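Written below as structure tokens is the structure these notes are about.
Taken together, the values in this text are just the output of simple stated rules run on the coordinates, not laboratory data. Treat the numbers as computed from the prediction; the structure is a model and nothing was measured. Note that we place each Cβ from the backbone using ideal geometry, even for glycine, and neighbour counts take in every protein chain shown.
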Amino acid sequence: MAVQDATSEVLVDTLERSLRNRRIAKHVGIFLTLTLLWELGSRMGWLDPLFYPRPSNIIRSFWLIYFQNANVWFHLYSTISLVIIGWVLGSMLGIGLGALVGFNTVIRRFLKPYVIVLEATPRIAVAPLLIAALGFGVNSKLAIIMLVCFFAPFINTLSGVINVNEERLELFRSMRASKTQILRKLVLPDAIPVIMAGERLALTAALSGALVAEFIQRDKGIGSLILVYTRNLNMASAFACIFTLTIIGFLIFKGMEKLDHYIAYWKYEGGRERMSSKRKRTMVEP
Amino acid sequence: MVKHEQSMAAAGDVVVSGLNVGKTFAAGTVVALENANFDIKRGSFVSLVGPSGCGKSTLLRLVSGLIEPTSGEIEVHGTPVNGPRADISMMFQKATLLDWRTSLENVLLPTEINGTPSKADKNRALDLLKLVGLEDFAFSFPAQLSGGMQQRVALARLLQTGADILLLDEPFGALDEFTREHLNTELMRIVAEVRATAIFVTHNITEAIFLADQVVVMTSRPGRMAKIINVDLERPRPLSIQTSVEFNKLVEDVRETLGAV
Ligand SMILES: Nc1ncnc2c1ncn2[C@@H]1O[C@H](COP(=O)(O)OP(=O)(O)OP(=O)(O)O)[C@@H](O)[C@H]1O
Ligand SMILES: [Mg+2]
């Protein structure tokens, strides 16, 4: 019985893998064809090479900005460090305030109209004002990133804290749990998955926020680099920068997914199994 | 058998009592419970049965101290109830386990709330998981358990508190017939084993009689205790007792009180 199960599992596995390989092959094929068409169109003059640089040129630009001139690293470092710092600060502020507002009904009622107004206003519109107030430089860039990062964690933490399961709350009360215990053992862990979802949105927003700040300030960062290349009509290098951002965006997505599996482990089968055997080990060993 | 005789010997002292207990909601417009008087003896198993909305949960929550009566008074172990207390433990229709905790950690929750669990507490929790037949699932998360298993974890958690008065609000109501019957039998065994006093809410007349020493029949609008019926069936009770003449007389009695016949 067990042997049979094992074989059928292996079979399903190989079948899935071959299907997956075929799917990947298909995607790669389509991508290569499109790239080739683009290259061809550019060479034949169907596409204006000024605005649609040839893929081969973009690849050359990648080589240029990363290795030959190696000028992208400085800007990449500037953008990424700002994004991370702004994200951490902005979302920490969001989570903290969200929890505070969630717990205090008085503050909540008082703040509600402001939250609605803030939610309806595109945060990025405030960027020029922040620059006017804080001047050019790191401070206003960070402020803009924090502003766009703040909201999703704030709202998600708030709703996570407010929407505590009534039955669980009653359970804790019947066990005579203190307010802090209810917070630490029920409300916060319960809100973790929804807070993580907010963090994911915030990090994506942080990247956009950084770009806008750089577009305005034009001093350094990938955003200002794109601006410079576009003005010089060096579209191939501009595209190389844009694809760099695509890769960063993808890494952010994957990274947050990993983090979610790690922190909100009970939501995932793999996470549950991992923690289950881990808890067993720590229980048995000491 | 021996255990049962002991609990009979200890009978006589009342552990939970209510005097003219009433509870209204919505500024007095909803009368959830009216003029309830009851004495529950140590070690007895009391079933509360009645139609939806007759105040069963309200009565249980009043006894647990989660809510306060509008009138009258409830005493537990001779002291008035004015808030949740250590000698009472409650279990709900839903398992209400914490998803991020293993079975063992869920069972340890009440101990954690009273302080840091010791090695002995952990062993006790493991013993209780064994008692409910889940020793192999101590390190599983709720999402890895069936509904019946989750409810058994909740039962172990209920017992972990060490309270001697157990309040059960339709604990197996959401489960299928087979699982429910099985868990009821287990519950009867376990409650006798730990010598607790139990108040058990159900919609199911057969279940109410099968488990109980006393069945409190409640009627609605306003919620009232219509009748208290003593169940003098011998213990341990096999499932087959449900087809006996005496048993069916009791069913008849409850039905008549409810006005459902
Ligand atoms: N918090 C509350 N606010 C207002 N009304 C309530 C509240 N709790 C209970 N009630 C009302 O009190 C009455 C009794 O409710 P209760 O939950 O005790 O019934 P029940 O016998 O447990 O019903 P069920 O079998 O459906 O669980 C109902 O009419 C209900 O609407
Ligand atoms: Mg109820």
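Miscellaneous remarks
- Per-residue Cβ neighbour rank within 10 angstrom, fewest leading, B:His203, B:His182: B:His203, B:His182
- Put simply, the C-alpha atoms of chain B give a gyration tensor, and the ellipsoid matching it has half-axes of 29, 22, 18 Å, longest first.
- Value of relative contact order over the range A:46-187, rounded to a whole percent, pairs C-alpha under 8 Å and six or more apart: 32 percent
- Helix-only CD estimate at 222 nm, as mean residue ellipticity for chain A, using -39500 (n - 2.57) per DSSP H run (n ≥ 4): -27500 deg cm²/dmol
- In order along the range B:132-142, the Karplus-derived 3J(HN,Hα) couplings, from 6.51 cos²θ - 1.76 cosθ + 1.60 at θ = phi - 60°, round to 8, x, 10, 4, 7, 10, 4, 10, 8, 8, x Hz, and Gly and Pro are given as x.
- Note that the range B:1-150 shows a convex hull volume over its alpha carbon atoms of 170 Å³ per residue.
- Cleavage-rule hits, chymotrypsin sites (Phe, Trp or Tyr not before Pro), the range A:1-107, DSSP coil, Cβ neighbours within 10 Å at most 15: A:Trp46, A:Phe51
- For the range A:180-268: span of alpha carbons on each principal axis (Å, largest first): 60, 25, 13
- Long hydrophobic helices in chain A, taken as whole DSSP H segments with a C-alpha length of 15 Å or more on their own axis and mean Kyte-Doolittle hydropathy at least 1.0: A:72-103, A:138-162, A:188-217, A:235-263.
- Converting phi to 3J(HN,Hα) with the Karplus coefficients 6.51, -1.76 and 1.60 and the offset θ = phi - 60°, the range B:234-242 yields 5, 10, x, 9, x, 4, 5, 4, 5 Hz in sequence order, with x at every glycine or proline.
- Beta bridges from DSSP with both residues in the protein assembly as shown: antiparallel share about 55 percent, rounded to the nearest 5.
- Low-density loop cleavage sites - GluC sites (Glu not before Pro) in the range B:173-261, where at most 12 other Cβ are within 10 Å (DSSP): B:Glu234
- Between the range B:17-90 and the range B:178-247, the alpha-carbon centres lie 19 Å apart.
- Chain B - percent relative contact order, Cα under 8 Å, separation 6 or more: 25 percent
- Average partner coverage of B:89-100, which counts Cβ from other chains inside 10 Å: 5
- For chain A: span of alpha carbons on each principal axis (Å, largest first): 77, 69, 37
- Annotation for the range A:48-74 versus the range A:189-209: alpha-carbon center distance of 33 Å.
- Debye log10 I(q)/I(0) for the range B:145-252, one point scatterer per Cα, at q = 0.18, 0.24 Å⁻¹: -0.98, -1.50
- Under the simplified labelling scheme, the B:Ser146-A:Tyr77 pair shows an inter-label distance of 6.1 nm, with each label point 7 Å from Cα along Cα→Cβ.
- Note on A:165-171: average number of Cβ atoms from other chains within 10 Å of each residue's Cβ is 5.
- Computed from point charges on the beta carbon alone (+1 for Lys and Arg, -1 for Asp and Glu), the dipole magnitude for chain A about its Cα centre is near 400 Debye.
- Helical contribution to [θ] at 222 nm, DSSP H n ≥ 4, -39,500 (n - 2.57), averaged over chain B, rounded to 500: -11500 deg cm²/dmol
- Beyond 32 Å, the tail of the calculated P(r) for the protein assembly as shown holds 61 percent of the Cα pairs.
- For B:Lys41, residues with placed amide H under 5 Å, excluding near neighbours: B:Val15
- Tally of Lys pairs whose C-alpha atoms are under 26 Å apart, taken over the range B:6-139, 8 or more apart or cross-chain: 9
- Cβ-based charge dipole, chain B, positive-most Cα from B:Leu239, B:Ala154, B:Ala196: B:Ala154
- Relative contact order computed over the range A:35-111 (Cα-Cα under 8 Å; 6+ residues apart), in percent: 13 percent
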